[in-house]
Structure formats: structure tokens, C-alpha cells
Amino acid sequence: MTALDPRALRRAFGSFMTGVTVVTSRTDDGRPLGFTANSFTSVSLDPPLLLVCPGKFLSTHDRFAGCTGFAVNILAEGQQEVSNTFASFKGDRFARVPHRSDARGNPLIEGALAQFSCSTERVLDAGDHSILIGQVQDFACAEGRGLGYAGGQYFSLGLERAALERRPGATICGAILERGDRVLLERTPHGHRPPQVALPDRGRLRHDLSQDLAGRGLPARLHAAYSVFDVADTRFTYLRATTEATPAGDIEAIATAALPHLTYTAPPIADMMARFAREAGSRSFGFYLGDGQRGDVHTPSERT
């Protein structure tokens, strides 16, 4: 690996979505410990095992690696401040976060989506982290959606997931295709628009859109939903996407800064592309849900 590879690897690791957890325990003298972890997964149902990975850079790493038990708190959407507290706050974290204790004295975060009380089964060395495997002794789970993290930002897929579900009526689905610092748009007699397709009543929205784009010579990597709005009996759904395809025919590569100055096929699309031009500068993209005239833009940290 060259000197640049670790940074590229960090970006690659950060590109996939993970759930956010707070792992807690107590010292022998009863002092509570906690850290925010993105590395959590179930391992086995019989016996019930899960794992978390404390980093060796943590001041509490050795205590977690030597603990006899710990608790895993899966954070719910809206608990990003809890995550930030355990990730960066240096004072008494537990004084800032409501919690209670499990039967073994490990702190359980109030409002968490799920909580697992574990006895330590095994600790493995894993480079700059340790793998802490626990056997679940007790657990609780609430209704709701989890807090996610990717690309340096918190998110919840709850709103997008609900908006992307198939519904009765017509569905128009399109992609805001980025190619470097330009966006690929389709030129029509009535103005520009993102490449889009009318989808059948049945099928998988992302899959069908991806297949249509590939068939038009625009293979793309689809990202998060960007705008969903209903007009009459038709739902319009647009996702952000990236492509390496070379524009041809009616597809044009437009500089991002020029997007607000084009003529579009419909006012909601004009509003959407103007917003995209604004948000592209900071790479902090929101999500619009409404009727094309009125609606809400949810920021990455409040996509509930």
C-alpha cells in the first residue's frame, strides 16, 4: 500500500451504510464506560452471539478488552447527539445521556431501538481494533427505525424506504446522473429533465431503473433518493446516481453551476435541479417529499 491508499480505503469503508451503536460496560469499581461503534453484527443464533470492535486508540480499549460483560445499544433515528456524545465528548458522558442499568450493571441507553446485555465470550486481536464477541444474556427491542451512518453523515432510511415503496397508480422514476463535475440531462422539445422511465405496476424500483439506464447506454450506480412527489395519480421519484457513461444523442453533460438557468419540462423538476446545484457545493444532499408545490426537504441528519 502506498501512503495515499489508507485515505482512499477510509473513504471506501465509509461509503457503505452502517447502523450506529453505543457499547457500554463498567469498571471493577463501578465506573460506567461507553463508546460509539459502527462495527456491530450478529454472529450466531445458537448460541446467541454478537460482536463489536473497540478501537485500540480508545482510552477505554483495555478495559473493554478485559471486561466480563458489556451491553450493545442500537441507536434509533434522532439519537445522533447520543452518538456524538460517546464519540467525542470528553466529560461525564453518562451525565448527558439518560440511561439505566441491566442486571449486570451495564448502562442501557434510554430510547435505543434495541439493547443486548452480553457476557464476554471471546476477545480477538484485529489490527488496530479488537473483536469483542459477546453471548446475549438478555435483550429488548422497540418499534422504530435505526440511526444510520455513511460518508461522514447520519441518516435514517425510514422516510426514503416508505417513499420508495410501490403504490397504486403510475410511477415515473429518474436519476440525477453525475459524471465528474457535470450532470447528464435528457434534452426534449419541452426542456431538459433527468433520464427517466415509466415503471410497471410490479417490480423493484431501483432494479428496474438501473436496468433501463443500462439499456440506454447509461450504466449507473444508484445512491439515495433525492426527490419524491405526487402529481395527480402519478408519483415521480428521482434518485442521485453516478456514471462514467459518455453522453450521446439527446443526453447532454451540463455544468452543475448552469443547472438553475435551464428550461425544464415541469416546474417541480426545475426546483429540484436548482436545489441540487445548491447542495452539490457542500455535498450535503437533502431529501424532498411533497406534491411538487409544497413539501419538506429533510437534511441528512434528520431524514426521519
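Which numbered condition trips up residue 177, out of (1) of a type outside the set (D, E, K, R); (2) open to solvent by less than 30 Å² (accessible area, probe 1.4 Å); (3) touching a Gly at 6+ places or on another chain (Cβ under 7 Å)?
It is condition (3) that residue 177 fails.
Out of curiosity, is residue 254 in contact with a strand residue (DSSP E or B) (Cβ under 7 Å, 6 or more places away or on another chain), assigned to a helix (DSSP H, G or I) and in contact (Cβ under 8 Å) with a residue 40 or more places away in the chain?
Against the criterion (in contact with a strand residue (DSSP E or B) (Cβ under 7 Å, 6 or more places away or on another chain), assigned to a helix (DSSP H, G or I) and in contact (Cβ under 8 Å) with a residue 40 or more places away in the chain), residue 254 does not qualify.
Condition (residue is out of contact with any Leu (no Cβ under 8 Å at 6 or more places or on another chain), in contact (Cβ under 8 Å) with a residue 24 or more places away in the chain, over 15 Å from residue 129 (Cβ atoms) and part of a strand (DSSP E or B)) applied to the stretch 61-73: is it met by at least one residue?
Yes: one or more hits.
From the list 89, 94, pick out the single residue that is in contact (Cβ under 8 Å) with a residue 60 or more places away in the chain and hydrophobic (A, V, I, L, M, F, W, C).
Testing whether each residue is in contact (Cβ under 8 Å) with a residue 60 or more places away in the chain and hydrophobic (A, V, I, L, M, F, W, C) leaves just 94.
Within the stretch 106-151, can you find the residues that are open to solvent by 40 Å² or more (accessible area, probe 1.4 Å) and not in a strand (DSSP E or B)?
110, 111, 127, 128, 142, 143, 144, 145, 151
If residue 73 satisfies all but one of (1) touching a strand residue (DSSP E or B) at 6+ places or on another chain (Cβ under 8 Å); (2) farther than 21 Å from residue 139 by Cβ, what's the number of the condition it fails?
Residue 73 satisfies all of (1) touching a strand residue (DSSP E or B) at 6+ places or on another chain (Cβ under 8 Å); (2) farther than 21 Å from residue 139 by Cβ except (2).
Within the bounds of the stretch 289-299, is there any residue that is surrounded by fewer than 16 Cβ atoms within 10 Å (Cβ to Cβ), of a type in the set (Ser, Thr, Tyr), more than 19 Å from residue 197 (Cβ to Cβ) and in contact with a strand residue (DSSP E or B) (Cβ under 6 Å, 6 or more places away or on another chain)?
For the stretch 289-299, residues surrounded by fewer than 16 Cβ atoms within 10 Å (Cβ to Cβ), of a type in the set (Ser, Thr, Tyr), more than 19 Å from residue 197 (Cβ to Cβ) and in contact with a strand residue (DSSP E or B) (Cβ under 6 Å, 6 or more places away or on another chain): absent.
Just to verify a result, which residue in the stretch 238-254, among those that are hydrophobic (A, V, I, L, M, F, W, C) and closer than 17 Å to residue 222 by Cα, is surrounded by the fewest Cβ atoms within 10 Å (Cβ to Cβ)?
Selected residue: 245.
For the stretch 208-223: of the residues being touching a residue at least 24 places away in the same chain (Cβ under 8 Å) and closer than 25 Å to residue 290 by Cα, which is least open to solvent (accessible area, probe 1.4 Å)?
Within the stretch 208-223, the match that is least open to solvent (accessible area, probe 1.4 Å) is 209.
Exactly one of (1) open to solvent by 30 Å² or more (accessible area, probe 1.4 Å); (2) out of contact with any Ser or Thr (no Cβ under 8 Å at 6 or more places or on another chain); (3) assigned to a loop (DSSP other than H, G, I, E, B); (4) modelled with pLDDT of 90 or more is unmet by residue 103. Its number?
(2)
Restricted to the stretch 224-237, and to residues that are within 14 Å of residue 170 (Cα to Cα) and among the aromatic types (Phe, Trp, Tyr), which residue is surrounded by the most Cβ atoms within 10 Å (Cβ to Cβ)?
By that ranking, first place goes to 229.
Scan the stretch 71-89 for residues that are open to solvent by 50 Å² or more (accessible area, probe 1.4 Å) and not charged (D, E, K, R) and jot them down.
Matches in the stretch 71-89: 78, 84, 87, 88, 89.
Would you confirm whether any residue within the stretch 255-277 is open to solvent by 20 Å² or more (accessible area, probe 1.4 Å) and on the phi > 0 side of the Ramachandran plot?
No - not one qualifying residue is present in the stretch 255-277.
The values are calculated or read from the model by the stated rules, or taken from the named source; none is laboratory data. Worth saying up front: this structure is predicted, and the values here are computed from it rather than measured. Because the Cβ atoms are built from the backbone with ideal geometry, glycine has one as well, and the counts that use them run over all protein chains shown. To get the accessible areas, we keep the full protein, side chains included, count just its heavy atoms, and leave off ligands, DNA and RNA. Shrake-Rupley method; radii C 1.70, N 1.55, O 1.52, S 1.80 Å.
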